[in-house]
Every structure is written in C-alpha cells, then in structure tokens.
Amino acid sequence: VRSLYDLIGGGPTIRVVVDELYTTLTTDPLVRHHFAPERMESLKAGQRRWFTSVLGGPPDGPVPDLAAAHASLVITDEQIAAVIRHLAEALDHAGVAEEPRDRVLAIAERLWYARLF
Ligand code: HEM
C-alpha cells in the first residue's frame, strides 16, 4: 500500500505545499502577526518534517510536537479555519488531486484537535 506521502508526490510536493502555505499565512491579516519572519526557514523545515512524518514518509529528523509548538499562542476558531483553508489551497496549488488532498486535510484537522486531549 502506498503511503499518502507517496500518493501526493513525496518531498517535492511537501516543499511546494509548505512554501505556498507560509506565503499565504504571512500575508493573511487574520494570522500573519503570529509568524515571526526571522524564524520562517526553521518553521518551514519543521512543518516539512511534520507533514513527512504524519503522511507516512521516511524519517527525516525530529518531528515537532503540535501541542508544544502552539502552547504559547492564543489561536481563535476563526484562525484555525483560515489555516486549514490555506492548507487546502496550498495542496491545490501543488497539484494534489481532490481525494488525497481531502485525506491530508482530514489528518491535519484530526491531529490539530487531538493535541488538546
Ligand atoms: C492544521 C493545523 C496546524 C498544523 C498541522 C500546524 C503545524 C505546525 C507545526 C508542525 C509547527 C512547528 C514548526 C517548528 O517548530 O519547527 C507549527 C508552529 C507554529 N504554528 Fe502551527 N499548525 C497548525 C495550525 C496553526 C494555527 C491555526 C496557527 C495560528 C493562526 C498556527 C501558528 C503557528 C505558529 C505561530 C508557529 C510557530 C511557533 C513558534 O514560534 O515556535 N498554527 N505549526
């Protein structure tokens, strides 16, 4: 069985998705204040390792802990919805087909809420 990581095109696709996601996050007035420009490259690298890991890709260094990464942030429901929407758009932008896109979104959403428990 191919992993979702392989299905969407592996590392190159994840790179495009994360680049596009951060471009949108850092220009969206609703969420951009959260993202410190000087930490961008390290945050993108952490995001890539997180997606690689949760989508079943090859081990590639330490995987950030979602709860720890967001513990000191005050994040509203509206901002969560915006980030998920930007992720959907980034997957479309990278050319990921609808079915695997929706599976990726379901995983991200599920793990996002699971971090609370
Ligand atoms: C599906 C939902 C989300 C996922 C999968 C996700 C994933 C991640 C990951 C993996 C990191 C760690 C990067 C690293 O430390 O190397 C991170 C950090 C961060 N996330 Fe999220 N995130 C999500 C939602 C959000 C939302 C809704 C916001 C705020 C609007 C947000 C703001 C941030 C910020 C500001 C950081 C950096 C924290 C720091 O300065 O260390 N994230 N996120």
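Listed values, structure above:
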| read-out | value |
| --- | --- |
| The stretch 51-76 residues that are crowded, with 16+ Cβ neighbours inside 10 Å, paired with ones that are assigned to a loop (DSSP other than H, G, I, E, B) and among the acidic types (Asp, Glu) (beta carbon under 7 Å, 6 or more apart) | Thr52/Asp60 |
| Residues being in contact (Cβ under 8 Å) with a residue 24 or more places away in the chain and surrounded by fewer than 18 Cβ atoms within 10 Å (Cβ to Cβ) - total across the stretch 83-94 | 3 |
| Filter pass, Leu111 being touching a residue at least 24 places away in the same chain (Cβ under 8 Å) and either surrounded by fewer than 16 Cβ atoms within 10 Å (Cβ to Cβ) or touching a strand residue (DSSP E or B) at 6+ places or on another chain (Cβ under 9 Å) (or both) | yes |
| Top-ranked residue of the stretch 9-49 - restricted to ones that are hydroxyl-bearing (Ser, Thr, Tyr) and within 11 Å of the ligand (Cβ to nearest atom), ranked as farthest from Ile75 (Cα to Cα) | Ser42 |
| Residue count, the stretch 79-106 (criterion: more than 9 Å from the ligand (Cβ to nearest atom) and on the phi < 0 side of the Ramachandran plot) | 19 |
| Some residue of the stretch 74-93 being polar (S, T, N, Q), assigned to a helix (DSSP H, G or I) and closer than 14 Å to Ile8 by Cα | no |
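Values in this text are rule-based calculations from the coordinates and carry no lab data. Just so it is clear, the structure is predicted and the values come from calculations on it, not from any experiment. Every residue, glycine as well, gets a Cβ built from its backbone with ideal geometry; the counts of neighbours run over all protein chains shown.
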